[in-house]
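For reference, the structure discussed in these notes is given below.
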Amino acid sequence: MRVAICDDNQQDIERIRRYTLRMIDYAVEYVFYTRPEELLRECADAEQKPDMYILDIEMPGMDGLAVAKQIRETDSKALLVFLTSYTKYMPSVFEVVTFDFIPKPISEERLRVLFEKAGTYLNLTNQSFSFSYRRVRYSLKFDEILYLGKAGASGDNPHKENEISVQHEPE
């Protein structure tokens, strides 16, 4: 799992960094940012985008909600998590399809629960449907499949015996 963490408060970044170093149970790549513009620039150019973004809501210049909206324009599948000391923002974070909301100060246990939850979710969405047809093996991620259908003796077209059609959304 790839995680981008952005918070303008260096103490909060260091706290999260300490916690993540102790979480050896998870195969996670972390990248820490203190400036939202830097996060957006580097992630836009990245070959593999983060699976999860942990964003402070209140940052000078560009707040976490604005960052999340920009992320959503190009990545509808990323998990968005917000950190804040102010619960007044809670209703607003759900406008960008938020995965979680964590009040500050974040605890190591709360961060561990977040990574367990994210790992479970990402494992579910990365599962694939595999099948063989005419000695060729096919595999599609569940979230790419739009439609499965079978035509044949009991289907719509009796002339195309056992034909399988799969419509999917390419990545």
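The values are calculated or read from the model by the stated rules, or taken from the named source; none is laboratory data. None of these values were measured; they are calculated from a predicted model. FYI the Cβ positions are ideal-geometry reconstructions off the backbone, even for glycines, and counts take in every protein chain you see. Each accessible area value is taken on the protein alone, full model and side chains, heavy atoms only, with ligands, DNA and RNA left out. Shrake-Rupley method; radii C 1.70, N 1.55, O 1.52, S 1.80 Å.
Of the residues that sit in segment 78-108 and are at pLDDT below 90 and under 11 Å from the mean Cα position of the chain (by Cα), which one is most open to solvent (accessible area, probe 1.4 Å)? In this case the residue turns out to be Val97. Checked against the criterion of being more than 15 Å from the chain's Cα centre (by Cα), crowded, with 16+ Cβ neighbours inside 10 Å and either assigned to a loop (DSSP other than H, G, I, E, B) or not hydrophobic (A, V, I, L, M, F, W, C) (or both), the candidates Tyr19, Tyr53, Tyr26 yield just one match: Tyr19.
In segment 29-41, the qualifying residues are those that are open to solvent by 60 Å² or more (accessible area, probe 1.4 Å), over 16 Å from the mean Cα position of the chain (by Cα) and in contact (Cβ under 8 Å) with a residue 24 or more places away in the chain, and the one that is farthest from Asp7 (Cα to Cα) is Glu37.
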